[in-house]
Amino acid sequence: MKKRNLIIGSLLAGSLALGTIGTANAGGEHSGGGFSHQGGKHHRIFKQLGLSDAQRDQVFKIMYESKPVKYEKMKKMHAIRKEMRDAIHSDRFDVKAVRKLAQKKAAILTDLMVLSAQTRNQIYQILTPEQKQKIKELGNKRGHHGHGRSHGRSESS
């Protein structure tokens, strides 16, 4: 049982970290609320929520199924980073080529962020109403409002 929980925690840490990587690259900040925790600390939330064995199995399945798509996107991201470094260190700087690489990177980051949000929502859907309320309370304690980004601004700004 402990070994399975360790495996689930490790997979969750790796998979959910991809969501924060994409957000960090996009704006330098991590997304707030719900399941996104810096440093893979999200397993604490799952423990605080008191997930049943069946819920843990579902979380494992959700994370496992999203992993190949995230992996392919990250491979593309690494290739773009290499191309960008090559462009930067070139004797002839090509603004159009760099702009095209930046657009490709933005598209991949968008895909990663959407996939991460979708995965987190699938996990959210398996929670009981009490667990959903608890996750909202935990998010509010950290200064976040739901699953959106919180930058100290009001919702209307």
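The values are calculated or read from the model by the stated rules, or taken from the named source; none is laboratory data. Quantities reported herein were computed from a predicted structural model and do not represent experimental measurements. What goes into the accessible areas is simple: the full protein's heavy atoms, side chains included, and nothing from ligands, DNA or RNA. Shrake-Rupley method; radii C 1.70, N 1.55, O 1.52, S 1.80 Å.
Here are some notes:
- Checked against (1) assigned to a helix (DSSP H, G or I); (2) at pLDDT 90 or above; (3) of a type in the set (D, E, K, R); (4) open to solvent by 90 Å² or more (accessible area, probe 1.4 Å), D91 meets all criteria but (1).
- Single residue of Q58, Q118 found to be open to solvent by 90 Å² or more (accessible area, probe 1.4 Å) and in a helix (DSSP H, G or I): Q118
- Given (1) modelled with pLDDT of 95 or more; (2) open to solvent by less than 50 Å² (accessible area, probe 1.4 Å), index of the condition S150 fails: (1)
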